[in-house]
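One structure is given below, encoded as structure tokens.
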Amino acid sequence: MSGTDRDSLFDEANGHLALGDLEAAVEAYRRCVAIDPAFFDGWHALGMCLLKLGQVKEAIGCGLQATTLRPNDLLAWTALSQMYVRDGQIGEAESAKANARILSLGGKVVRDS
């Protein structure tokens with residue numbers, strides 16, 4: 001499968017999400033990241049869908065993958081913080097929130113090499 005297949009699946013997943021079919025969206029997002037494990041948007045969207053479905057532990061795994069792929073992405077850190085809060089991991093949530101704050105002020109969590 002190619003990036004085009006991944007992008008088609010991502011569009012399909014977004015369509016399911018727009019219609020409120022979270023289970024179908026999750027399945028399509030899972031296929032996206034299976035095709036391209038470095039696909040940030042797929043990991044981020046999968047994590048948010050899983051969070052909405054109450055599958056918090058798996059959502060956190062997706063959120064961690066997203067922040068690993070894009071360590072200076074404000075939205076990824078904000079989402080990860082929300083996931084940790086839902087799981088009751090307040091220390092981790094505060095840490096993720098601190099990274100989001102650094103980024104919101106124009107800083108970087110990871111310096112470019």
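Coordinate-derived values only; no laboratory data. Note that the structure is a prediction, hence the values are computed from the model and not measured. Reconstructed Cβ throughout: ideal geometry from the backbone, glycine too, with neighbour counts over all protein chains shown.
Considering only Gln55, Gln65, Gln82, the mean-square fluctuation computed in a Gaussian network model of the chain, springs between alpha carbons under 10 angstrom, is largest for Gln55.
Say R0 is 35 Å: what FRET efficiency, to the nearest 0.05, do Lys108 and Asp87 get from their beta-carbon distance? Calculated value: 0.85. Does the chain come out rounded, prolate or oblate by the C-alpha gyration tensor, with a ≥ b ≥ c the root eigenvalues, rounded set by a/c under 1.5 and, if not, prolate when a/b is larger than b/c and oblate if not? The shape class here is oblate.
When ranked by the protection proxy of mean other Cβ atoms within 10 Å per residue, highest first, what sequence do the peptides 4-15, 68-79 form?
Averaged packing, sorted descending, gives the order 68-79, 4-15.
If one takes the longest principal axis of the Cα atoms in the chain, at what angle in degrees, from 0 to 90 and to the nearest 10, does the Cα axis of helix 3-18 lie? It works out to around 80 degrees. Helix 74-86 axis versus longest C-alpha principal axis of the chain: approximately 90°, rounded to the nearest ten. In the chain, the longest principal axis of the Cα atoms and the axis of helix 40-52 are about 90 degrees apart.
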